[in-house]
């Protein structure tokens, strides 16, 4: 099942994720892979990672709602303003970016995990 994000907020949210992946993003990519921009309606959910998540205990997410509510943390990085399948931390740039401020969450030793974003 993988990682699923649930929107338990009253407005649509857009979200991005980040996780440790030195095989794909080693070296200049600083070992972290990012994916993003799933739009999730209130009460809805999105499968944002379709494989087992237990290869990393700590995952990161950033989300912003249409009403201005934000779920953030201390890890800041520029992200494309449109959907992207894979991007390594510190690599690549586009002229049309937004700043994501990722927060960390612990999936434990679970193969599947549900992250619930609430008001």
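The values are calculated or read from the model by the stated rules, or taken from the named source; none is laboratory data. Nothing here was measured: the structure is a model prediction, and the numbers come from that model. Neighbour counts are summed over all protein chains in view; Cβ atoms, including those assigned to glycine, are modelled from backbone coordinates with ideal geometry.
Observations
- Residue selected from the stretch 88-104 under the condition closer than 20 Å to residue 22 by Cβ and at pLDDT 80 or above, by the criterion nearest to the chain's Cα centre (by Cα): 102
- Considering (1) over 21 Å from residue 72 (Cβ atoms); (2) touching a strand residue (DSSP E or B) at 6+ places or on another chain (Cβ under 6 Å); (3) at pLDDT 95 or above, the lone condition that residue 21 does not fulfil carries the number (3).
- In summary, strands (runs of 3 or more DSSP E) completely within the stretch 38-88 and bearing 1 or more residues that are in contact with a helix residue (DSSP H, G or I) (Cβ under 7 Å, 6 or more places away or on another chain) occur at 84-88.
Conditions tested, residue by residue: (1) under 14 Å from the mean Cα position of the chain (by Cα); (2) at pLDDT 95 or above; (3) within 26 Å of residue 96 (Cβ to Cβ).
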site: 5; (1), (2), (3): yes, yes, yes
site: 10; (1), (2), (3): no, yes, no
site: 31; (1), (2), (3): no, no, yes
site: 34; (1), (2), (3): yes, no, yes
site: 38; (1), (2), (3): yes, yes, yes
site: 46; (1), (2), (3): yes, yes, yes
site: 53; (1), (2), (3): yes, yes, no
site: 61; (1), (2), (3): yes, yes, yes
site: 75; (1), (2), (3): yes, no, yes
